[in-house]
Amino acid sequence: MINSNAFDYINVATKALDASYLRETVIANNIANVDTPTYKRQDVEFQSVLENAIDSTKYKNLTEAVRGVNTNLDGLDAIQYTDANNYSYRIDKNNVDIDTENVELASEQLRYQALSNSVTQDFNNFRAVIK
């Protein structure tokens, strides 16, 4: 990560991009295992991790909070977990619903694209200032 206050948002957005990529990979794995008996779907949580990190800062505005989060990016990692481990409505005990997974994958792809565009725009702004 880049150690400068100018890159605070980019550093946090990069962690969000990593989490989004991981979630896309996990959802794709769920889709691949839709017919695997006893498979339990996996998911990734990042939003609550980021919210907790921001809430734990003592700062009054978002810019200062992001700067505070940026000081310890190691604690800003997505959490992968097994979803509804004992729940399954299917006879084979698999709890993957292909329709839900496809919607979640499309949603996550949009999130990744928005984050990527945001980081790209931030770098374009830096490039414009340097010129």
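General observations
- Out of Thr100, Thr57, Thr63, one residue alone is over 28 Å from Val34 (Cα atoms) and either in contact with a Pro (Cβ under 7 Å, 6 or more places away or on another chain) or open to solvent by 50 Å² or more (accessible area, probe 1.4 Å) (or both). It is Thr63.
- A Cβ distance below 6 Å, combined with a sequence gap of six or more or placement on separate chains, defines the contacts here; from segment 108-131, residues that are under 14 Å from Ile10 (Cα atoms) and in a helix (DSSP H, G or I) reach residues that are modelled with pLDDT under 95 and open to solvent by less than 80 Å² (accessible area, probe 1.4 Å) in the pairs Leu115/Ala13; Leu115/Ala16; Ser118/Ala13; Val119/Ile10; Val119/Ala13; Asp122/Ile10.
- Just so you know, in segment 28-41 the residues that are open to solvent by less than 40 Å² (accessible area, probe 1.4 Å) and in contact with a strand residue (DSSP E or B) (Cβ under 8 Å, 6 or more places away or on another chain) include one that is farthest from Tyr89 (Cα to Cα), and it is Asn30.
- Within segment 42-54, considering residues that are of a type in the set (A, V, I, L, M, F, W, C) and in a helix (DSSP H, G or I), the one surrounded by the fewest Cβ atoms within 10 Å (Cβ to Cβ): Ile54
- For segment 76-94, the condition of being more than 30 Å from Arg127 (Cα to Cα), touching a residue at least 12 places away in the same chain (Cβ under 8 Å), open to solvent by 40 Å² or more (accessible area, probe 1.4 Å) and assigned to a helix (DSSP H, G or I) holds for none of the residues.
The values are calculated or read from the model by the stated rules, or taken from the named source; none is laboratory data. None of these values were measured; they are calculated from a predicted model. Virtual Cβ from ideal backbone geometry, glycine too; neighbours counted across all protein chains shown. Side chains included, ligands, DNA and RNA excluded: accessible areas come from the protein's heavy atoms. Shrake-Rupley method; radii C 1.70, N 1.55, O 1.52, S 1.80 Å.
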